[in-house]
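Reading through the structure tokens given below for one structure.
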Amino acid sequence: MGRAGRLPGQLERPLLAGVRMGARGERGASEADMERMRELAAAATRHLGTARQTPFCADIVDATTGRRLVRRLNAVAAEHDPTSHAEVRAIRAATKKLKATSLRGHVLYTTCEPCPMCMGAALWAGVDRVVYGATIGDAARFCFQIYTSARQLMRRSDLRCEVVGPVERGACVALFEDRRMAEAMKLWRHRATGRS
């Protein structure tokens, strides 16, 4: 048993405490957020079955114009870099493109709830909002996770941004469930632990 009587891999239930469905729709998401998430899931789907397949895809979008600044996939294996998560790669590319360290006025969209590293990067970059699809709990069914939600991390920080999600959760979870990802996930787990 882990902390607070939980089994390893089991998330605390109140992760969505304080999150309300409202006029904006699914978990506070706007129609534009839902459309953007469907588009992001479709983009990740196009890479399934290729050398770049991953369920993790992220966009940085201008909050005012809705124009996408960058899109990135997870590239941990390709870059031999455990920090090459889609969100971190998108933040790095966006700040380079803008020649600025701040992403104020921008939104991070991601097919999966950001891990603590990625959420920390989003907070440090100053994004206005983080909008995610699948939850950390969803991802944990398929690959290793650190069990701290994006909202929990944000609440423990002096930095603030709006966290919205899950949005289009089914479409994003389907990326993990796709038969083409099964072998890749098995390989990722084996590389991380030396066991299947």
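The values are calculated or read from the model by the stated rules, or taken from the named source; none is laboratory data. Predicted model, so just to flag it, every value in this text is computed and none were measured. Positions of Cβ are backbone-derived with ideal geometry, glycine not excepted, and every protein chain shown enters the neighbour counts. Keep in mind that these areas ignore ligands, DNA and RNA; they rest on the heavy atoms of the full protein, side chains included. Shrake-Rupley method; radii C 1.70, N 1.55, O 1.52, S 1.80 Å.
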Residues of the range 72-127 being open to solvent by 10 Å² or more (accessible area, probe 1.4 Å) and of a type in the set (S, T, Y), in sequence order, are T83, T95, T101, S102, Y109
Of the residues in the range 80-123 that are acidic (D, E) and within 18 Å of L159 (Cβ to Cβ), the one that is farthest from the chain's Cα centre (by Cα) is E87
For the range 40-68, the count of residues that are out of contact with any strand residue (DSSP E or B) (no Cβ under 8 Å at 6 or more places or on another chain), closer than 23 Å to E162 by Cα and either modelled with pLDDT under 95 or open to solvent by less than 70 Å² (accessible area, probe 1.4 Å) (or both) equals 1
Exercise for review: Determine whether A171 is aliphatic (A, V, I, L, M), under 21 Å from E35 (Cα atoms) and surrounded by fewer than 22 Cβ atoms within 10 Å (Cβ to Cβ).
Suggested key: yes
### Task
For the range 180-196, indicate whether the set of residues that are open to solvent by less than 20 Å² (accessible area, probe 1.4 Å) and among the β-branched types (V, I, T) is non-empty.
no
Flagged in the range 97-141 as aliphatic (A, V, I, L, M), modelled with pLDDT of 95 or more and out of contact with any Asp or Glu (no Cβ under 7 Å at 6 or more places or on another chain), in numbering order, are L98, A100, L103, M117, M119, L123, A125, V127, V130
With the first residue restricted to the range 116-130 and required to be at positive phi and of a type outside the set (K, R), and the second required to be open to solvent by less than 30 Å² (accessible area, probe 1.4 Å) and at pLDDT 95 or above, Cβ contacts under 7 Å at 6 or more apart or on different chains are G126/L103
